[in-house]
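J.: Got a structure for you, written out below as structure tokens; questions coming shortly.
The numbers here are math on the coordinates, done by the rules we state, and not lab data. None of these values were measured; they are calculated from a predicted model.
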Amino acid sequence: MRTKNFFFISLAALFLSGCVVYSFYPLYTEKDLFANEILTGTWVDGDSAEWKFEHPYIGKELPENLDKTSYVLYLKDKNGKASEFKVHIIKLGGHYFLDFYLEEFLDDNNLDLASFHIVPVHTFARLKVTSNQLQINWFDQDWLGKLIKENKIRIHHENNGDYILLTALPKELQKFVTKYVDSEEAFKDGIEAVLSRK
């Protein structure tokens, strides 16, 4: 957005402080996905965290079962704590966007009351690609909240006073991100990760 769910827990301090936009639904539909190798490989960010993107297998680990339209992100911090995310990349209006989703966040051997109160959400970010670098910028939730409050945007959402959760379906989400992809304000206080190829 970090033990088994390293990215969720470590970025949760940022995510849950209102720094990113949460969505109940993904940014993509199946027809938006395309085979690619854009993220494939190992990258390092400015905090020395390692971001390893691999294509998952559907079924047995055979070459013909490799799903090149999606990625598994293995994110490991400098202390060795790691987690896995499902990541999809789509292209809209000439821009790349990433959808992050923590698919397996509950440890069946360690279920407790706190675990039952964790609901995974999608977060999405703009992606800029150069030959050896990825720049990932998440949309800022405070910016979104201001737009909603001022009636400058109409998008399906729920707001409990602490967090805004988008409940719009993918097509509406896509209109939203493409409309504001070039807005400096949309990303000004959001999370940014600049990754260099390892």
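J.: If the limit is 20 Å between Cα atoms, which of 86/152; 128/198; 60/91; 52/179 go over it? Present the calculation step by step, with values, prior to reporting the outcome.
T.: On the way: 86/152 32 Å; 128/198 17 Å; 60/91 29 Å; 52/179 30 Å.
Beyond 20 Å: 86/152; 60/91; 52/179.
J.: Given the Cα-Cα distance of residue 158 and residue 184 and 0.36 nm per residue of separation, how much length would full extension add, in nm?
T.: On the way: separation 26, 0.36 × 26 = 9.36 nm, distance 2.45 nm.
The span from residue 158 to residue 184 would gain 6.9 nm if fully extended.
J.: State the percent of C-alpha pairs, over all pairs in segment 20-106, separated by a distance greater than 19 angstrom.
T.: Details: 1696 of 3741 pairs.
Here the long-distance tail beyond 19 Å is 45 percent of all Cα pairs in segment 20-106.
J.: Å³ per residue of the Cα convex hull, for segment 6-197?
T.: Numbers: hull volume 26.3 nm³, N = 192.
Roughly 137 Å³ of hull volume per residue.
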